[in-house]
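Engineer: Would you mind keeping the following structure in view while I ask a few things?
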Amino acid sequence: MHYAASGCPLAHGKTPEECKSRRDELDQLKQGHQQTKVPSEMPLLDTSKSGVSTRNQTQQQKVRDTSVDGLVNPNSSSFSCIPPMKRTRKDLPPPLKESSPLMSPDVARFNTMYNVLSPCSPISLSCNVEVKADNEPSIEVALFKEAQSKMKQKIDDISTSKSYQLKVIQFGRHEIDTWYSSPYPSVYTQVPKIYICEFCLKYFRTGDTLSRHMSCCMRRHPPGGEIYRSGKISVFEVDGEKHKLYCQNLCLLAKLFLDHKTLYFDVEPFLFYIMTEYSTSGCHLIGYFSKEKHSAQNYNLSCILTMPHYMRQGFGRMMIDFSYHLTKLEGKTGSPERPL
C-alpha cells in the first residue's frame, strides 16, 4: 500500500495491453545493448543481480523511462552500464585524400582529429584555407596602423598650426592679443581664447567658469607685503618660495608677451615685485620685475614686463628705477641682467 502519488507504480492507470507493449519495447532495447561489441575484460553490469533493494527500485521508478532517438534513460531500471571503449587506429576510417571530390573544411577537421587520436603515424593535413606566416601582418592590422599614423599626423598638425594656438586672453575687462606662445597645458593652448583672473592669475577655458570663480575668489591684491604706495600705485614683494602657484601663473602670463623668457616653474630662487593700480574693485596688475635672492653677479633685475594696456605710460622706467633704489637700500652695487 502506498500513501502518495509519487510512490505509485507506473503500471497503475494503464490497460494490460499497454503494459505488455511497453515491456516488449524495453526487452528489445535491452537485447540491442547486449549485442553491442564490448571488450571481454570489462563485462556488463547486470542490475538484476546487484544487491538493490525493492525500496530503491521503487525510488528509481519516480523518473519515467523515456527513449529519445533510441537512447534509454540512464536512470531507468532497464539501463545497462556500458563502459567507454578505447578507440584505436584500426577503429577509425582512413582519412580522405586531397584529390577526393568530398574534400571540404569539415573533412579537413576530421583529418585533424584523426591525427590527434593516432599520433603514432603522422598524416598530412589537407585544407583549402590559406595560412599566413606569423611575421606577415593581416589586412586588419595594416588598416589599423594606417589609421593610427593618419591620426597622429593630424594631431601634430593641430598642435603646430597657428590657427589652433592661443590668440587672445580675457584679462579683467581687457581683451588682449597675445604675441608669443606660452607653455600652458595643452587643453588651454588649443582654444583661441582663455580667461584669466586678474587678481590670482588662474586661467580658465570659458567665461562662465571665470564668472563662478570670481564669485568665490577672495583675493583682491597680490600676495606678500606692500612695500611701496604712491597715490593709486602700489608695489608688492612676493617670495617665489612662499607663493609658488601665483608666481608660476605670473610667469606663464608674461611668456605670452616676452619672446626669450625661459623661467616658468622654478620660481623659488626669485623675488617678484608686482606693481598695481588701485580701484574700488581691487588692485589691478600693471607689470612686474623679478630678481634673484642671491645673485653671484649682483644683478638687481632679471625679468621685467609691463602689461600691453599699461604700456607707453612710463611704468617700465619706473620699475627699473625702483630696482636701483632697492639695491641702494641693501647697500649693494648692481645692474640689470643682460639681455633683459
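Engineer: Taking into account only those residues within the range 299-320 that are in contact with a His (Cβ under 9 Å, 6 or more places away or on another chain) and within 13 Å of A254 (Cβ to Cβ), which is least open to solvent (accessible area, probe 1.4 Å)?
Structural biologist: M307
Engineer: Is it the case, given these coordinates, that L253 is touching a residue at least 40 places away in the same chain (Cβ under 8 Å), assigned to a helix (DSSP H, G or I) and within 37 Å of the chain's Cα centre (by Cα)? Quick ask: steps written out before the conclusion?
Structural biologist: Numbers: touching a residue at least 40 places away in the same chain (Cβ under 8 Å): yes; assigned to a helix (DSSP H, G or I): yes; within 37 Å of the chain's Cα centre (by Cα): yes.
Judged against the criteria, L253 is a match.
Engineer: What is the number of the single condition among (1) within 20 Å of P222 (Cβ to Cβ); (2) out of contact with any Asp or Glu (no Cβ under 6 Å at 6 or more places or on another chain) that R317 does not meet?
Structural biologist: (1)
Engineer: Need the failing condition index for R219 against (1) open to solvent by 40 Å² or more (accessible area, probe 1.4 Å); (2) at pLDDT 95 or above, just the number.
Structural biologist: (2)
Engineer: Output the residue which, of all residues in the range 167-197 that are among the β-branched types (V, I, T), in contact with a strand residue (DSSP E or B) (Cβ under 9 Å, 6 or more places away or on another chain) and not in a loop (DSSP other than H, G, I, E, B), is surrounded by the most Cβ atoms within 10 Å (Cβ to Cβ).
Structural biologist: As a first pass, look at the range 167-197 and keep what is among the β-branched types (V, I, T): 168-169, 176, 178, 187, 189, 191, 194, 196.
Narrowing the set further to residues that are in contact with a strand residue (DSSP E or B) (Cβ under 9 Å, 6 or more places away or on another chain) leaves 168-169, 176, 178, 194, 196.
Within this subset, residues satisfying the condition of being not in a loop (DSSP other than H, G, I, E, B) are 168-169, 176, 194, 196.
Numbers: V168: 14, I169: 19, I176: 17, I194: 23, I196: 21.
Here the answer is I194.
The values are calculated or read from the model by the stated rules, or taken from the named source; none is laboratory data. Just so it is clear, the structure is predicted and the values come from calculations on it, not from any experiment. All Cβ positions, glycine included, derive from the backbone under ideal geometry; neighbour counts span all protein chains shown. Keep in mind that these areas ignore ligands, DNA and RNA; they rest on the heavy atoms of the full protein, side chains included. Shrake-Rupley method; radii C 1.70, N 1.55, O 1.52, S 1.80 Å.
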